[in-house]
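Peer 1: Attaching a single structure in structure tokens format; questions to follow.
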Amino acid sequence: MAEGSNVDVVVIGAGQAGLSAAHFLARFGLRPGEELLVLDSAHQPGGAWQHRWPSLTLATVNGVSDLPGLPFADIVDTARGEVTAAEAVPRYYAAYEQKFGLDVQRPVAVRVVCGPHEDDRFQVETSAGTWRARGIINATGTWEKPFIPFYPGADTFRGRQLHTHDYTTADEFRGKHTVVIGGGISAIQLLDEVSRVTSTTWVTRSEPRFREGPFDAGEGRRAVALVEDRVRHGLPPGSVVSVTGLPVTPAVRSARERGVLVRRPMFARIEPEGVRWADGDYQHAEILFWCTGFRSSLDHLAPLALRGHGGGIVMTGRAATQVAEQPRVHLVGYGPSASTIGANRAGRDAARELLGTLGLR
């Protein structure tokens, strides 16, 4: 598609949420490459999965959800648990794009979205040129926005600080006492790995809640509904895992048996060679490993002034993907659709509602 073309809808991002939305837009009548433009900043298919650490395999990942119309197991032999997620999921996404002819343009980085202008279109400025669109579905996820909270003294620390985003292998931690910070699924997985090669201290802001037994669809829907309620009221979205709890996997049981999952509350400050708690207790450390999550990657939408005073965005629509102040802008992979539990439904509902708003359905 030529730079400068007018299109009906631009989908920004081709991870699970973006591919789901693009699939339904095409299914509901938009022609990919003509009326529908899908942009992705990565060099290859796979979304954030292509950046996952090598030890994250199909046997250890917390689940890979099917995209609509093509089961994951049709492309990847899920019985081979040793296959890395960073290899398997990009292969699946590439097959998906090809099967449905989604014509994803990459690598194309979206720099800014402005408007709507006099012709009632948004201007989408990218590394490959500028397009104008009647509607936007943003699916840029969170991987490019790792979050590290501020703690006094962080700039004085003489050791190494890194985030989940930067992790490759536990070997780089070997022999260096590591403070692992965070209580999410990734934090637990990486704590388990790092603790096998060095001594660790685990700290979290709140007491972790582990979940025994299977996680059924009803629980998933209830978890998504709680996060959805926040964004409908314009509050910053919480994580779905904060509602669902942490699954007790074989790795978690093993870490418990090794005495690794001894949680301490958050320290009060960071010092040059360690961390100190409010009661004066001190822990020497050579690495601070921040497994503290990500924030939504929405900086390119700043000219649209979507955020309220509290930093959240008031969302509406069937799956809470529609921006209340800009009905022709949908955010999928934000709030309740940031998890695999809600992404497919969000893509379908966002496509249906946006086309309805544009008078195309």
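What follows is calculated from the coordinates using simple rules that are stated; it is not laboratory data. In this text the structure is predicted, and so the values were computed from the model without any measurement. Please note: Cβ atoms are built from the backbone with ideal geometry, for glycine as well, and neighbour counts cover all protein chains shown.
Peer 1: When you count, for each residue, the other Cβ atoms within 10 Å and take the mean per peptide, how do 344-350, 64-70, 85-91, 146-152 rank with the highest first?
Peer 2: 344-350, 85-91, 64-70, 146-152
Peer 1: OK, next. Let me see the pair-distance distribution of segment 111-176: every alpha carbon pair, 10 Å bin width, integer percents in order.
Peer 2: P(r) over segment 111-176, rounded to whole percents: 15, 28, 20, 19, 15, 4, 0.
Peer 1: Just order 253-262, 281-290, 157-166, 9-18 by mean Cβ neighbour count inside 10 Å, highest at the front, would you?
Peer 2: Top of the packing list down: 9-18, 281-290, 157-166, 253-262.
Peer 1: So, in nm, how far is label Ala278 from label Ala302 when the simple model puts each one 7 Å beyond its Cα toward the Cβ?
Peer 2: Going from the Ala278 label point to the Ala302 one covers 3.4 nm.
Peer 1: To continue, here is another question. Within 10 Å, count the other beta carbons around each residue, average over each peptide in 269-280, 41-52, and list them highest first.
Peer 2: 41-52, 269-280
Peer 1: For segment 152-194, list log₁₀ I(q)/I(0) at each q in 0.16, 0.18, 0.27, 0.29 Å⁻¹, using the Debye formula over Cα point scatterers of equal strength and ignoring solvent, two decimals each.
Peer 2: -0.45, -0.57, -1.15, -1.24
Peer 1: Could I ask something else about it? Under the rule a/c < 1.5 gives rounded, and otherwise a/b versus b/c splits prolate from oblate, where does segment 1-133 land using the Cα gyration tensor?
Peer 2: Taking the square roots of the gyration eigenvalues as a ≥ b ≥ c, segment 1-133 is prolate.
Peer 1: OK, next. Taking the Kirkwood radius as the inverse of the mean 1/r across Cα pairs, report the Rg/Rh of segment 284-361.
Peer 2: In segment 284-361, Rg relative to Rh is 1.12.
Peer 1: To continue, here is another question. For n ≥ 4 DSSP H runs only, could you compute -39500 (n - 2.57) per run for the chain, divide by its residues and tell me the 222 nm figure to the nearest 500? Don't skip to the answer; put the middle values down first.
Peer 2: Details: 7 runs with 80 residues, N = 361.
-7000 deg cm²/dmol, from helical runs alone.
Peer 1: Okay, next question. Where the eigenvalues come from the Cα gyration tensor of the chain, what are the semi-axes √(5λ) of the equivalent ellipsoid, largest first, in whole Å? Don't skip to the end; give the middle numbers.
Peer 2: On the way: eigenvalues 280, 103, 73 Å².
Its equivalent ellipsoid spans semi-axes of 37, 23, 19 Å.
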